[in-house]
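Reviewing the structure listed below.
What follows draws every value from the coordinates through simple rules; no lab data is involved. Keep in mind that this is a model prediction, so the values were computed, not measured. With ideal geometry, Cβ positions are generated from the backbone for all residues, glycine too; neighbour counts draw on all protein chains shown.
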Amino acid sequence: MGRKAILDADQKIVDAAIEVGGTSNANVLFSTVDIAQKAGVSEFVVFSRFQNKEGLLYRALAEATRRRSEEFARLVALHLPFEKVTEGLERYLINHPAETMFLINYGESVPKIAGFNTLHEAFIKNCKKDMHLFDDYYAFPDEETQLIAYTSYIRNVLYDAQFVLSGFEEFDEHYAQVASSLLCFGLIEEKPHA
């Protein structure tokens, strides 16, 4: 099997893991048989590439987090007011329901499949890498405060997207505006926006 075919198989497996994990209850139907079938490979290939379910989970979490972070960075680069960045991020999450529910079911420091400490460490590591996305908007007194603000913000945006995806609210213009303002409420020391 050539290097490209291996990478393609790995990506198909990761994408399938995100889809399966994001469309079923956490840790209930995260089946490697279903993942292999959705990826078009055998279960043997899944385990030969990722050794175990936890290894696949971490790789899929890294991929889903990367996608969310890239969208957040893209929105920040547009130099929009932060409420509009938040609205755009939430819109992205709502438009990618399996990815969003996968992050809620297995990521963002939620101990569903592995030990709490392990998932929490991975979550904090990702947040430390991404918290700089606040730099153009907010001045925090120190990195610890910035990390707390970022982790809280990300979890709240995800949970609000889950609320919409669950059908409790429609993400219309009014809801988007109010929710975005509320999700940003409490972020301190806003910098003047150019």
Margin query: Along the Cα→Cβ direction, 7 angstrom out, place labels at residue 185 and residue 170. What is the inter-label distance in nm?
Written below: 2.4
Checklist line | Linear extension gain, residue 177 paired with residue 95, 0.36 nm per residue minus alpha-carbon span | finding: 27.8 nm
Next item on the list: Using θ = phi - 60° and the Karplus relation 6.51 cos²θ - 1.76 cosθ + 1.60, list the HN-Hα couplings for segment 50-67 in order, rounded to whole Hz, with x at every Gly or Pro.
Entry: 10, 6, 8, 5, 5, x, 5, 4, 5, 5, 5, 4, 4, 5, 5, 5, 4, 4
Next item on the list: Provide the FRET efficiency to the nearest 0.05 for the residue 25-residue 136 pair, computing r from the beta carbons and using R0 = 41 Å.
Entry: 0.60
